[in-house]
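For reference, the structure is listed below as structure tokens.
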Amino acid sequence: GAVVSQHPSWVICKSGTSVKIECRSLDFQATTMFWYRQFPKQSLMLMATSNEGSKATYEQGVEKDKFLINHASLTLSTLTVTSAHPEDSSFYICSAASDGQFFGPGTRLTVL
Amino acid sequence: QKEVEQNSGPLSVPEGAIASLNCTYSDRGSQSFFWYRQYSGKSPELIMFIYSNGDKEDGRFTAQLNKASQYVSLLIRDSQPSDSATYLCAVELTGGGNKLTFGTGTQLKVEL
């Protein structure tokens, strides 16, 4: 149990385009999902907390207008990186809460 | 002072030995404690969680919690090369709503 999927697993895009990443809890309902970013050889950095049916809570320093989060249902949260730039290239990981957090496999974003 | 502290390592142990990973936390009101394993390029995987003082065993893994000392550890018995990874300690603060604070992780290397 407690399986979380993410799609896509990797994406390459041009600078200035937007990219949407989906996070799904496959076998449980999650009222809360989390979005993290991890740069190479660095620790996980929490970007935002996504709550079903309400606005996301962003961590300090994370631009809410650049990283749009929608938690449309108890099993789906999406992160849209708008007007992506090379410095947004990173490993984006979501997690869903159910007695701890269960992580999706991550999405590797490369912005050219 | 960081909220959750871990020695970054690398911690090197020979195959078959016991690996001991340590973590301290600053919030005395913390209630839940988690250990995650992260292989290079992959997302974190939940290994164990512990809520109460004492030891909790699951296979080759034992989590130990001492709330008075604000200390949580993970022991890995009969270490295998496949245990080589970064181990993340995570703490859920009181009233944290499933939000976890992560340590920076300890890199474990199990040598043949």
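The values are calculated or read from the model by the stated rules, or taken from the named source; none is laboratory data. It should be emphasised that the depicted structure is a prediction, and the values quoted were computed from it without experimental measurement. Using ideal geometry, Cβ is built from the backbone for each residue, glycine included, and neighbour counts are taken over all protein chains shown. To get the accessible areas, we keep the full protein, side chains included, count just its heavy atoms, and leave off ligands, DNA and RNA. Shrake-Rupley method; radii C 1.70, N 1.55, O 1.52, S 1.80 Å.
Any of A:K20/B:K42; B:K42/B:K109; A:K20/A:K64; A:K41/B:K42; A:K66/B:K42; A:K41/B:K109 with alpha carbons more than 22 Å apart? Name them for me.
Pairs exceeding 22 Å: A:K66/B:K42.
Alpha carbon centre of segment A:22-94 versus segment B:1-73: separation in Å?
Between the Cα centre of segment A:22-94 and that of segment B:1-73, the gap is 25 Å.
Buried accessible area for the B:A pair, summed, 1.4 Å probe, in Å² rounded to 100? If you can, show how the numbers build up before the last one.
Working: alone 6060 and 6130 Å², together 10900 Å².
Buried: approximately 1300 Å² between A and B.
Charges only on Cβ, +1 for Lys and Arg, -1 for Asp and Glu: so what's the dipole of the protein assembly as shown about the Cα centre, in debye to the nearest 20?
Values: 19 positive and 21 negative charges, 84 e Å.
It works out to roughly 400 debye.
Could you please state how large a percent of the accessible area of segment A:51-112 is carbon and sulfur, counting protein chains only and using a 1.4 Å probe?
Details: 1400 of 2840 Å².
After summing per-atom areas, the C and S share lands at 49 percent.
May I ask you to find the residues of segment B:81-102 that are shielded by at least 40 Å² of accessible area once the whole protein assembly is considered instead of their isolated chain (probe 1.4 Å)?
So the qualifying set is B:N98, B:K99, B:F102.
Output the lone cysteines of the protein assembly as shown: those with no second cysteine's C-beta under 4.7 Å from their C-beta.
So far as the 4.7 Å Cβ criterion goes, A:C13 stand without a partner in the protein assembly as shown.
I'd like the residues of segment A:12-49 whose 1.4 Å-probe accessible area shrinks by no less than 40 Å² going from the isolated chain to the full set of protein chains.
At a threshold of 40 Å² (probe 1.4 Å), the residues of segment A:12-49 that become less exposed are A:S43, A:L44.
Report, in debye and to the nearest 20, how large the dipole of segment B:1-67 comes out about its Cα centre when Lys and Arg carry +1 and Asp and Glu carry -1 on their Cβ.
On the way: 7 positive and 8 negative charges, 18 e Å.
Using Cβ point charges on Lys, Arg, Asp and Glu, segment B:1-67 gives about 80 debye.
For the protein assembly as shown, what does the accessible surface come to per residue with a 1.4 Å probe? Please give it in Å².
It amounts to 49 Å² per residue over the protein assembly as shown.
Arrange the residues B:R28, A:R37, A:R108, B:R60 by how much accessible surface each exposes, largest first, with a 1.4 angstrom probe. Walk me through the numbers on the way to the answer.
Details: B:R28 155, A:R37 30, A:R108 100, B:R60 75 Å².
So, going from the largest accessible area down, we get B:R28, A:R108, B:R60, A:R37.
Can you give me the relative contact order of segment B:1-88 as a percent, contacts being Cα pairs under 8 Å and 6 or more apart?
Values: 156 pairs, mean separation 29.7, N = 88.
Over segment B:1-88, the number comes to 34 percent.
Give me the accessible area of A:S25, 1.4 Å probe, in Å² rounded to the nearest 10.
That residue has around 10 Å² of solvent-accessible surface.
Can you send over the carbon and sulfur percentage of the accessible area for chain B, probe radius 1.4 Å, protein chains only?
Working: 2500 of 5400 Å².
Here carbon and sulfur together make up 46 percent of the probe-accessible area.
Among the residues of segment B:35-51, which ones have their accessible area go down by 20 Å² or more when all the protein chains sit together, as opposed to their chain alone (1.4 Å probe)?
Correct list: B:Y36, B:Q38, B:G41, B:S43, B:P44, B:L46, B:Y51.
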